[in-house]
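A short worksheet on the structure shown next.
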Amino acid sequence: MILTKDAFGIKSLIFRKAFKATFKRQSQEIIKNLLREGFVGKEVGIYIHFPFCRGLCPACPYVRYLWDDLLVKSYLRSLKLEISAYRDLLQDLELKITEVHVGGGTPSCLDPKQYKEIIEALGESFSLEGASIGIEANPEDLTEERIYALMEAGVNELSLGVQSFFRENIRLLGRRHSVEDSIDAIENLEGAGFRSVNIDMMYMLPGQTIEDWVEDLRIALEFEPAQITAYPLLVVSYRPMYKMMMERRVQKQPSMREFKKMYYEAINTLEEAGYTQVRYYSFSKIPWEYSTVEKEMTGPLLAFGPGAMGFPGKCEYINTCSVRGYVKSLSRGRLPVAGIREVNKEERGIRWISERLSALELKFEGFKNEFGEEFWDFVKRTGFSKSLFIQRLLGHIKIYSDRIELTKKGLFSRNLGGWAFVLSVPCRIVEEYLRTPWPREVTVP
Ligand SMILES: C[S@@+](CC[C@H](N)C(=O)[O-])C[C@H]1O[C@@H](n2cnc3c(N)ncnc32)[C@H](O)[C@@H]1O
Ligand code: SF4
């Protein structure tokens with residue numbers, strides 16, 4: 001099997017129907033009005049996309065380019081311009097930043113001193129007090145010295161891309177680091193004092209057996225990370241891995257049956273080791289989660305950097321994926337938004353429900369606090385109640401008087417649905433915007 005957007009059968013079709021979205025190129029005036037009017041709350045998350053890596057992994061679906069000193073310098077200058085442009089636009093809204101995530105690309109490639117400057121730029125523009133500040137990191141960057149420099153700069157959460165402790169898997173994924181680098185990085189992080197450290201691990205790798213996957217997780221557990229995230233290898237047609245698999249230069253992935261077994265084995269292994277499942281793909285030992293997803297799905301999220309997607313709540317936007325386009329627009333005093341669309345209360349409500357179910361439990365009171373409407377009135381009005389009743393009939397959810405919980409059986413269905421969504425919606429958006437930096441209109445899936 002190859003885990004592309006078409007591998008999920010009926011789920012792919014459902015997503016194609018349910019999550020249709022059209023982003024349009026608009027004038028700066030319209031973009032600014034939509035952004036100013038678009039916030040659904042004052043507690044805002046910030047996502048910064050750092051689109052450079054020292055090497056390019058052949059399966060990576062994200063917006064990433066090979067490191068280029070000059071371009072990185074221009075990017076950093078433009079990022080500061082973008083932050084201050086948003087300050088000028090939004091300053092009377094009195095927004096309070098609760099979390100900042102720098103994703104990529106490889107944010108840990110950047111000199112830690114730069115984070116000090118970025119955090120200062122954010123602090124000059126918005127209230128940052130008490131905010132968590134997290135970055136994604138590659139093992140080869142995390143020397144002891146750099147870890148302490150990152151902490152000194154104000155970074156307090158970290159997500160490390162280990163992927164596997166088997167050399168063969170690391171080679172297949174085209175990663176630059178060795179297994180020894182991963183072990184050194186984890187050991188260097190121990191006791192450094194980050195609020196939370198997450199380790200990304202990958203399964204559904206070519207040639208991987210269920211036993212290999214469990215063994216990989218067991219090795220990860222020996223280091224007792226605060227959080228472990230388990231990603232199946234997703235394959236998109238716009239990256240070389242797809243062609244490599246189609247031409248059989250790389251073995252195909254395990255079957256759907258093995259996918260299910262690997263998933264439940266991961267749950268059993270991690271739960272037995274004392275981890276609590278906090279999302280359909282992540283497991284934690286501590287009572288909070290390193291996650292970018294909540295604000296992405298429910299808003300308000302401001303996003304900076306090339307290819308970054310923001311969601312103030314009443315609108316959603318994507319910045320141009322071209323670094324040169326990004327730099328050029330900010331140097332001319334223009335926001336680098338390549339596409340924007342309005343999002344109504346109904347769509348946001350359904351995003352909220354999906355996000356909560358991804359985190360395994362949905363409380364009706366939480367919905368009412370967020371949307372000012374009774375949960376059941378909303379789902380009946382939007383027709384979403386049908387989907388819930390089908391899920392209940394299938395035994396995927398349990399409905400109580402005050403909440404809905406995902407069942408053990410429902411977890412794998414959620415896992416499939418979640419990854420089908422990622423491949424059909426965000427990856428399709430990236431594919432279109434990578435193809436054309438400023439398209440007139442893009443409709444996904
Ligand atoms: C985009 S990377 C950014 C962090 C860092 N550059 C790294 O590679 O570790 C974040 C995570 O995405 C996951 N990832 C990368 N390519 C993937 C793919 N094709 N399918 C699923 N997850 C993937 C990896 O687990 C990785 O740790
Ligand atoms: S997986 Fe990480 S290191 Fe590899 S290309 Fe993607 S962002 Fe860069």
Item checked: In segment 144-190, the residues that are small (Gly, Ala, Ser) and either within 24 Å of His101 (Cα to Cα) or away from ligand 1 (no atom under 11 Å from the Cβ) (or both) -> Ala149, Ala153, Gly154, Ser159, Gly161, Ser164, Ser178, Ser182, Ala185
Check: Which pairs do you get when a residue that is in contact (Cβ under 8 Å) with a residue 40 or more places away in the chain and under 15 Å from Arg64 (Cα atoms), found in segment 230-246, comes within reach of a residue that is among the acidic types (Asp, Glu) and more than 7 Å from ligand 1 (Cβ to nearest atom), reach meaning Cβ atoms under 8 angstrom, with the pair 6+ apart or on two chains?
Finding: Val236/Glu431; Tyr238/Glu431
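Looking for something within 16 Å of ligand 2 (Cβ to nearest atom), in contact with a helix residue (DSSP H, G or I) (Cβ under 7 Å, 6 or more places away or on another chain) and assigned by TED's automatic domain parsing to the domain that holds Leu270 - is there at least one such residue anywhere in segment 114-125?
Going through segment 114-125, the residues within 16 Å of ligand 2 (Cβ to nearest atom) turn out to be none.
No, that holds for no residue.
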Item checked: Residues located in segment 104-136, provided they are among the small types (Gly, Ala, Ser), in a strand (DSSP E or B) and buried (at least 21 other Cβ atoms within 10 Å of the Cβ) -> Gly104, Gly134
Item checked: Per-region count, segment 226-247, residues part of a loop (DSSP other than H, G, I, E, B), modelled with pLDDT of 95 or more and either surrounded by fewer than 18 Cβ atoms within 10 Å (Cβ to Cβ) or away from ligand 1 (no atom under 11 Å from the Cβ) (or both) -> 3
Item checked: Test set (1) over 30 Å from Trp67 (Cα atoms); (2) small (Gly, Ala, Ser); (3) assigned to a helix (DSSP H, G or I) - Gly274 fails condition number -> (3)
Check: What residue, of Ile83, Ile30, is aliphatic (A, V, I, L, M) and buried (at least 17 other Cβ atoms within 10 Å of the Cβ)?
Finding: Ile83
Note to self: Quick check on this structure: which one of Phe364, Phe384, Phe371, Phe375 is surrounded by fewer than 19 Cβ atoms within 10 Å (Cβ to Cβ) and touching a Phe, Trp or Tyr at 6+ places or on another chain (Cβ under 6 Å)?
What the structure shows: Phe364
Notebook entry, point to check: Yes or no: Arg414 of a type outside the set (Val, Ile, Thr), buried (at least 16 other Cβ atoms within 10 Å of the Cβ) and touching a strand residue (DSSP E or B) at 6+ places or on another chain (Cβ under 8 Å)?
Noted result: yes
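The values are calculated or read from the model by the stated rules, or taken from the named source; none is laboratory data. These numbers were taken from a predicted model, which means no experiment stands behind them. Here the Cβ is made from the backbone with ideal geometry for all residues, glycine too, and neighbour counts use every protein chain on show.
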